[in-house]
Amino acid sequence: MALTFGSFLFLLAAGAPMVFVLGVAGALTLAVDGTTPMVVVAQRLFNGLDSFPLLAIPFFVLAGIIMEQGGIARAIVELATALVGWIRGSLLMVATVTATGLSAISGSGSADTAAISSILMPEMKRRGYDLDYATVTVASAGALGPIIPPSIIMVVLAMISDLSVGAMFLGGVVPGVIAAAGLLLGHWLYTGRDPARYADAEPFRWPRLGRAFRQALPALSMPVIVAGGIIGGVVTPTEAAALAVLAGLLIGGFVYRELKLRDLPAMMLRTAGISAAVMIIIGTASILNVPEMLAGWFQANVGSAWVFLLLVNILLLVVGMFMESISAILILMPVLMPIAVALGIDPLHFGIVVTLNLSIGLITPPYGICLFVACTVAQRNVMQAARLVWIPLVPLILMLLLCTYVPEVVLWLPRSLL
């Protein structure tokens with residue numbers, strides 16, 4: 001056990017890729033133990049991937065890439081501009097509202113961040129926005145991706161914890177809306193410090209909104225197909241993700257006509273690369289036996305659900321700063337979920353709390369993948385932008401605390417519809 005923790009922490013501190021951190025720590029433990037043959041490493045890796053729900057991941061990744069390149073993201077940006085472009089700091093508002101719409105399609109925070117950055121960042125530069133804050137805004141908007149259904153993180157968490165994917169999706173709706181509203185309020189307050197710089201709002205016009213809505217209507221059908229099909233019990237998450245790909249191809253190719261047949265090989269190759277990176281992490285996490293030390297400490301020292309949730313929030317917020325979300329779920333959920341249930345915490349509520357924590361981790365340095373993507377597109381240094389991360393973190397942390405200690409915020413919608 002000490003060797004597992006020691007090798008894990010050493011490799012993590014040395015900056016090794018997460019797949020090697022998990023795989024080497026697990027294999028080294030088995031090798032030193034001597035009682036388990038090393039062939040078990042390959043068996044565990046294969047068994048970790050031998051799951052039908054995991055097929056949803058490459059389909060959701062491909063759907064996000066199609067959304068980015070097929071004109072779907074651009075149509076939702078136009079709709080968001082017509083909705084909130086009249087508010088001070090309009091493009092900051094548009095980024096958050098667009099992310100709310102894209103989150104209901106792709107299920108990936110990094111995909112949403114890339115799509116929004118590529119479309120809005122050049123215009124933000126042209127209008128003279130503070131680029132560091134613009135970068136943080138786009139990154140925090142992307143963090144809505146795993147919260148608002150569909151969500152790759154929720155699919156993996158539901159698989160690990162034996163929860164209903166449909167219930168998880170419904171549980172993320174209200175927290176997602178609260179988070180988006182909090183981010184919008186934060187942008188409005190921030191731009192109030194320099195109203196002249198952000199006074200680029202356009203008048204609200206109903207005809208423009210009507211045109212934008214009609215243009216975006218095909219794109220808006222994708223969330224209905226994905227989330228509606230899963231929640232309604234018509235399709236599995238994997239089938240819904242495949243339908244999202246099919247719908248995205250048809251909409252991008254025949255409605256918006258921005259998707260060409262020659263684009264497909266590059267899109268497939270990009271999907272394979274991203275999916276392989278996620279899948280190999282899931283496989284190597286299966287090699288690493290989750291130590292009992294953490295579970296034993298919680299059981300010995302924590303007897304209150306309130307205190308347990310507080311400590312879990314702190315733990316996951318720190319973990320999210322250094323570790324990829326799916327890796328954290330695979331390592332920690334088998335330990336934390338049984339303790340939560342033993343303390344009387346609803347497993348669905350706990351699953352959403354974990355999702356919210358790890359979604360916030362997408363913008364917290366040093367790992368924060370959404371922050372890295374946004375900085376790359378904006379050509380900003382991560383540490384330059386990171387000094388302003390606390391601004392969107394405030395509403396996100398407040399939303400997390402509300403959902404943690406008022407379970408009905410999470411459970412109301414699933415209980416009402418399922």
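The values are calculated or read from the model by the stated rules, or taken from the named source; none is laboratory data. In this text, all values refer to a predicted model and were calculated from it rather than measured experimentally. Every residue, glycine as well, gets a Cβ built from its backbone with ideal geometry; the counts of neighbours run over all protein chains shown.
So the values come out like this:
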| quantity | calculated |
| --- | --- |
| Some residue of the range 139-154 being touching a residue at least 40 places away in the same chain (Cβ under 8 Å) and surrounded by fewer than 24 Cβ atoms within 10 Å (Cβ to Cβ) | no |
| Given (1) surrounded by fewer than 21 Cβ atoms within 10 Å (Cβ to Cβ); (2) at pLDDT below 85; (3) in the same structural domain as Ala143 (by TED's automatic domain parsing), index of the condition Glu68 fails | (1) |
| Single match in Ile178, Ile160, Ile87 (criterion: out of contact with any Cys (no Cβ under 9 Å at 6 or more places or on another chain), within 17 Å of Ser359 (Cβ to Cβ) and assigned by TED's automatic domain parsing to the domain that holds Met383) | Ile160 |
| Residues of the range 155-176 classified as touching a residue at least 40 places away in the same chain (Cβ under 8 Å) and either out of contact with any helix residue (DSSP H, G or I) (no Cβ under 8 Å at 6 or more places or on another chain) or at positive phi (or both), total | 0 |
| Residue in the range 387-396 that is modelled with pLDDT of 85 or more, farther than 22 Å from Val177 by Cα and not in a helix (DSSP H, G or I) present | yes |
| Residues of the range 40-80 satisfying the condition of being under 15 Å from Ser117 (Cα atoms), assigned to a helix (DSSP H, G or I) and not charged (D, E, K, R) | Gly64, Ile65, Met67, Gln69, Ile72, Ala73, Ala75, Ile76, Val77, Ala80 |
| Subset of the range 238-262 (residues that are part of a helix (DSSP H, G or I) and more than 28 Å from Glu324 (Cβ to Cβ)) | Leu246, Ala247, Leu249, Leu250, Ile251, Gly252, Gly253, Phe254, Val255, Leu261, Arg262 |
| Single residue of Gly361, Gly344 found to be surrounded by fewer than 19 Cβ atoms within 10 Å (Cβ to Cβ) and either hydroxyl-bearing (Ser, Thr, Tyr) or touching a helix residue (DSSP H, G or I) at 6+ places or on another chain (Cβ under 9 Å) (or both) | Gly344 |
| Test: Thr98 is surrounded by 24 or more Cβ atoms within 10 Å (Cβ to Cβ), out of contact with any Cys (no Cβ under 9 Å at 6 or more places or on another chain), in a helix (DSSP H, G or I) and of a type outside the set (A, V, I, L, M, F, W, C) | yes |
| Condition broken by Glu68, with the remaining ones in (1) among the acidic types (Asp, Glu); (2) more than 13 Å from Ala374 (Cα to Cα); (3) touching a Leu at 6+ places or on another chain (Cβ under 7 Å) satisfied | (3) |
| When residues of the range 291-320 are limited to those that are aromatic (Phe, Trp, Tyr) and either under 25 Å from the mean Cα position of the chain (by Cα) or modelled with pLDDT of 90 or more (or both), the one nearest to Leu30 (Cα to Cα) | Phe308 |
| Those residues of the range 103-154 which are closer than 19 Å to Leu396 by Cβ and among the charged types (D, E, K, R), in sequence order | Asp112, Asp132 |
| Single unsatisfied condition, Arg127 versus (1) surrounded by 24 or more Cβ atoms within 10 Å (Cβ to Cβ); (2) more than 16 Å from the chain's Cα centre (by Cα) | (1) |
| Per-region count, the range 373-392, residues of a type outside the set (Val, Ile, Thr) and surrounded by fewer than 19 Cβ atoms within 10 Å (Cβ to Cβ) | 7 |
